[in-house]
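Worksheet: one structure, shown below.
The values are calculated or read from the model by the stated rules, or taken from the named source; none is laboratory data. Because the structure is a prediction, the values reported are computed rather than measured. Counting neighbours? That spans all protein chains shown, and the Cβs are built from the backbone with ideal geometry, glycine included. For accessibility, only protein heavy atoms count, side chains too; no ligands or nucleic acids. Shrake-Rupley method; radii C 1.70, N 1.55, O 1.52, S 1.80 Å.
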Amino acid sequence: MQATRPALLFGSLLVLVALVAVASAGTMRDTRTVYVTLSVVPNTPRLVVRFNLTNPSTKSVEAPLNVLTWGTPMEGVMGPIFAVSDVFGNDVSYVGKFVRRAWPPSASSYISLRPRESSMIEVDLTDDFDFPGAGDYLVRFISPQFQDNIVFISTDEVVGRLPVINRRAVPPHHDENRLGNTNCDSTKNSQIATAVKGAMDESLAAYNCLNKKTCETLSTRWFGAYSKDNYDYDTATFQKVYNRLKDFTFNAYCNPAGCGNDVYAYVYPTDKTYTVYLCGAFWNQADERVNTVVHEMSHFSTLGGTDDYAYGKKSCLSLAKSNPYRASHNADNVCYFSEEAAKAGF
């Protein structure tokens with residue numbers, strides 16, 4: 001089954017969303033738009049969405065549009081890039097990957113679209129959402145916020161039918177009875193052990209200074225204006241991350257097949273084994289290994305359930321000023337705070 005809500009004509013929707021999006025993005029002269037259209041692949045036992053990006057420019061002499069693929073299906077499903085609900089409006093939980101990316105993005109993380117050029121990919125969402133049963137589901141693309149000069153203009157949600165449930169019981173490679181590292185040689189095991197020890201020290205330093213209320217300036221720097229709820233959330237997250245690292249064996253999987261461009265690591269937040277999948281950037285950037293462990297551990301739903309609203313120190317500092325809630329719940333803000341707390345000797 002495939003349909004779109006008919007309440008708004010497509011052309012009117014594009015104009016309306018474009019005006020709102022460009023206004024919210026500011027008056028930057030280099031802001032450009034890219035159109036997103038969705039459709040559902042029919043006659044399949046899976047929920048597969050066809051995702052299409054189009055450069056709407058009609059100016060043949062205009063430079064190609066370079067679009068960062070982070071937060072789009074063009075890089076795979078690396079986070080909650082779609083909102084899914086049943087036809088009654090009940091949200092369906094995302095249970096797929098959360099990744100940590102290296103900032104700034106490399107050239108390989110962009111696609112180039114000439115005027116009027118499109119790029120399409122099909123993405124299977126069946127394993128990435130906790131579908132309660134067979135039925136019809138509404139799927140909507142969530143526009144990424146990683147590229148300031150690009151505004152994504154999307155159609156309304158599409159409705160796809162999942163005829164059967166074929167849910168993956170656990171993420172690939174998982175054995176709930178397994179402890180320790182998998183697919184890692186002795187050198188990598190040593191590097192992991194060092195990173196985990198550093199992550200324990202940093203998460204403890206962060207917890208201590210927040211719990212004792214001795215790092216107000218540092219807290220404001222990374223988490224924004226004070227809010228008791230946000231403050232208590234981060235304090236508890238650091239305590240839980242520290243306790244998990246201290247009391248349990250750390251589980252890692254080295255160089256899994258699911259790594260994308262510029263990725264340090266990823267986790268499945270509901271994974272009961274708390275496995276961290278370590279990718280190329282983790283090994284290539286030694287000074288970010290400790291941050292990566294703290295970042296990824298904070299993603300686990302029982303430890304913090306953090307999200308990925310921004311990457312890199314500059315973007316995270318800006319996020320703290322503009323949106324303290326998101327900053328306090330952003331995994332990179334969490335790990336940068338703990339890094340500076342440890343350096344300050346808290």
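If you take every DSSP beta bridge whose two residues both sit in the chain, what share of them, in percent to the nearest 5, is antiparallel? Mind dumping the intermediate values first?
On the way: 38 of 50 bridges.
Here the antiparallel bridges make up roughly 75 percent for the chain.
Straight-line reach from Lys59: taking Cα to Cα under 13 Å and skipping same-chain neighbours fewer than 8 places apart, the aspartates and glutamates in range are Glu117. Label-to-label distance, Gln145 versus Thr270, with points set 7 angstrom from Cα along the beta-carbon direction: 2.5 nm. For the pair Arg161 and Asn52, a Förster radius of 22 Å applied to the C-beta separation gives a FRET efficiency near 0.60, rounded to the nearest 0.05. Each peptide among 301-308, 143-150 gets the average number of other Cβ atoms lying within 10 Å of its residues, and from highest to lowest they stand as 301-308, 143-150.
Annotation: aspartates and glutamates with alpha-carbon distance below 19 angstrom to Lys343 (same-chain offsets under eight excluded): Asp201, Glu202, Glu216, Asp234, Asp287, Glu288, Asp332. Its residue count N fixes a reference of 2.2 N^0.38 Å for the range 216-327, and the Cα radius of gyration divided by that reference is 1.10. Looking at the square roots a ≥ b ≥ c of the eigenvalues of the Cα gyration tensor of the range 134-277, which shape do they give, rounded for a/c under 1.5, prolate if a/b is larger than b/c, or oblate? Oblate is the answer for the range 134-277, as a/c is 1.5 or above yet b/c matches or exceeds a/b. Under a GNM of the chain (C-alpha, springs under 10 Å), which listed residue has the highest mean-square fluctuation: Pro132, Pro56, Pro163? Result: Pro132 has the largest fluctuation of those listed. Apply the a/c threshold of 1.5 to the C-alpha gyration tensor of the range 291-346 and tell me whether it is rounded, prolate or oblate. Oblate, since a/c reaches 1.5 and b/c is not below a/b. Residues Glu122, Glu117, ordered by accessible area of protein heavy atoms at a 1.4 angstrom probe radius and largest first, appear as Glu122, Glu117.
Basic side chains Lys and Arg get +1 at the Cβ, acidic Asp and Glu get -1 at the Cβ, and with that the dipole of the range 244-346 about its Cα centre reaches some 200 debye. For the range 178-240, lysine pairs with C-alpha atoms less than 26 angstrom apart, excluding pairs fewer than eight positions apart on the same chain, total 10.
Decide, for the range 69-127, between rounded, prolate and oblate: order the square roots of the alpha carbon gyration tensor eigenvalues as a ≥ b ≥ c, take rounded if a/c falls under 1.5, and otherwise choose prolate if a/b is larger than b/c, else oblate. Oblate, since a/c reaches 1.5 and b/c is not below a/b. About its Cα centre, the dipole of the range 78-120 is roughly 300 debye, where the only charges are +1 on Lys and Arg Cβ and -1 on Asp and Glu Cβ.
Dipole of the range 277-328 computed with +1 at Lys/Arg Cβ and -1 at Asp/Glu Cβ about the Cα centre; of Phe300, Leu319, Trp283, farthest Cα towards the positive end is Leu319. Evaluated with a Cβ-only charge set (Lys, Arg +1; Asp, Glu -1), the chain carries a dipole of roughly 380 debye about its Cα centre, given to the nearest 20. Each principal axis of the Cα atoms in the chain has its own extent, and those three values, largest first, are 57, 47, 38 angstrom.
Once you keep just the Cα pairs under 8 angstrom separated by 6 or more residues, what percentage relative contact order results for the chain? Write down the numbers at each step before the final one.
Numbers: 677 pairs, mean separation 67.5, N = 346.
Contact order relative to length: 20 percent.
No disulfide-compatible partner, judged by a Cβ distance under 4.7 Å, exists for the following cysteines of the chain: Cys316, Cys335.
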